[in-house]
Amino acid sequence: MEYRTLGKTGVQVSCLCFGVMSFGGDADEATSAAMFQRCREVGINFFDAADVYSHGRAEEILGRLIADCRDDIVLTSKVHGQMGSDINNRGLSRRHIVMAVECSLRRLGTDRLDLYFAHGFDSRAAMEDTLRAFDDLVRQGKILYPAVSNWAAWQIALALGVSAREQLARFECIQPMYNLLKRQAEVEILPLARAERLGVISYSPLGGGLLTGKYGGQRKPDQGRLVQNPLYAKRYSLPEYYDATNRFIAYAERKGVKPATLAVAWVMSHPAITAPIVGARNLEQLQDSLAALDVGMTPEWRAEVSALSIEPPPATDRLEEKT
């Protein structure tokens with residue numbers, strides 16, 4: 001296992017992070033335990049959770065699994081999503097953050113989170129108040145590093161500026177969507193991460209399952225996120241995604257590599273990425289992602305794979321300045 005430094009924290013994390021979104025949902029407790037054990041066997045020490053995953057059940061299952069190795073793993077969770085019927089049981093208000101972290105700590109059976117993510121942007125809450133709430137949790141020892149997921153580059157940059165001005169604990173890790181089909185992060189988010197030495201644990205390396213070869217052409221399964229989940233169906237609805245997927249699947253076949261393995265390896269090879277988050281419903285799916293650890297992707301190979309999809313234009317849209 002390769003271990004990488006998370007931003008400028010000095011914390012060493014495995015080059016793959018395992019996301020537990022399936023725990024308590026698509027994966028029952030026994031399957032969850034088997035996948036957790038397999039991750040530990042290959043050296044993964046980085047586990048990503050969220051309060052909204054199976055409405056808290058994922059955290060509960062993970063908490064039981066880490067009981068005898070808590071100090072050996074880097075643990076994350078998130079706050080933002082709706083966690084109850086009350087109108088205030090969501091968002092990034094100080095009130096909700098303070099309540100939500102206590103619930104996550106209880107479900108996970110731990111006294112602190114290594115990373116605590118703002119799981120989305122909340123336009124209703126003053127950014128200064130949100131950042132100060134995170135800073136208070138750092139001072140109390142309940143979280144070690146604030147982090148952020150699903151924010152635009154300008155929002156992250158603004159938050160870093162506010163944290164510097166107010167002398168608050170800053171975001172030390174970001175969690176954007178990134179895969180061969182969804183490359184918007186390359187334009188500003190990943191350059192920002194490199195410039196500010198932020199850790200990056202990107203999610204959805206398989207494009208909601210599209211890059212596994214399960215969909216496209218004549219392949220129309222009865223089950224899967226793109227069939228059963230309207231959010232994912234909309235996220236990957238553009239025809240060009242399927243065109244790029246067909247090119248990618250054919251390329252992977254020529255190379256003799258499973259598409260899922262190649263998709264994860266491609267994300268892992270980006271210089272700004274600390275660790276892609278991989279998830280699975282079962283051990284078989286997990287194994288294809290773990291196989292990316294054995295793929296020695298060169299810059300030339302990465303360029304070949306990149307050419308199979310549409311590269312987003314530069315932030316200025318001045319194509320003539322692209323090098």
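The values are calculated or read from the model by the stated rules, or taken from the named source; none is laboratory data. Small disclaimer: the values here were computed from a predicted structure and weren't measured. A quick note on method: Cβ atoms are made from the backbone with ideal geometry, for glycine too, and the neighbour counts reach across all protein chains shown.
Quick check: is even one residue across region 69-85 surrounded by fewer than 18 Cβ atoms within 10 Å (Cβ to Cβ) and within 20 Å of residue 202 (Cα to Cα)? Looking for residues that are surrounded by fewer than 18 Cβ atoms within 10 Å (Cβ to Cβ) and within 20 Å of residue 202 (Cα to Cα), one finds at least one in region 69-85, hence yes.
Here residue 237 clears all of (1) of a type outside the set (Asp, Glu); (2) assigned to a helix (DSSP H, G or I); (3) surrounded by fewer than 16 Cβ atoms within 10 Å (Cβ to Cβ) except the condition numbered (2).
A single member of 252, 260, 195, 291 is at pLDDT 95 or above, surrounded by fewer than 18 Cβ atoms within 10 Å (Cβ to Cβ) and more than 27 Å from residue 322 (Cα to Cα), and it is 291.
Number of residues in region 268-286 that are surrounded by 13 or more Cβ atoms within 10 Å (Cβ to Cβ) and either basic (Lys, Arg) or without any contact (Cβ under 8 Å) to a residue 24 or more places away in the chain (or both): the value is 1. State all residues of region 150-176 that are buried (at least 20 other Cβ atoms within 10 Å of the Cβ) and closer than 29 Å to residue 211 by Cα; if no residue qualifies, say none. 151, 156, 173, 174, 175, 176, listed by residue number.
Pairing each residue of region 106-122 that is of a type in the set (Lys, Arg) with any residue that is in a loop (DSSP other than H, G, I, E, B) and buried (at least 21 other Cβ atoms within 10 Å of the Cβ), provided the two are 6+ apart or on different chains, yields C-beta distances under 8 Å for 107/51. In region 266-283, the residue that is nearest to the chain's Cα centre (by Cα) out of those that are assigned to a helix (DSSP H, G or I) and within 15 Å of residue 307 (Cα to Cα) is 267. Residues in region 220-234 that are surrounded by 17 or more Cβ atoms within 10 Å (Cβ to Cβ) and either at pLDDT 95 or above or more than 30 Å from residue 194 (Cα to Cα) (or both): 224, 225, 226.
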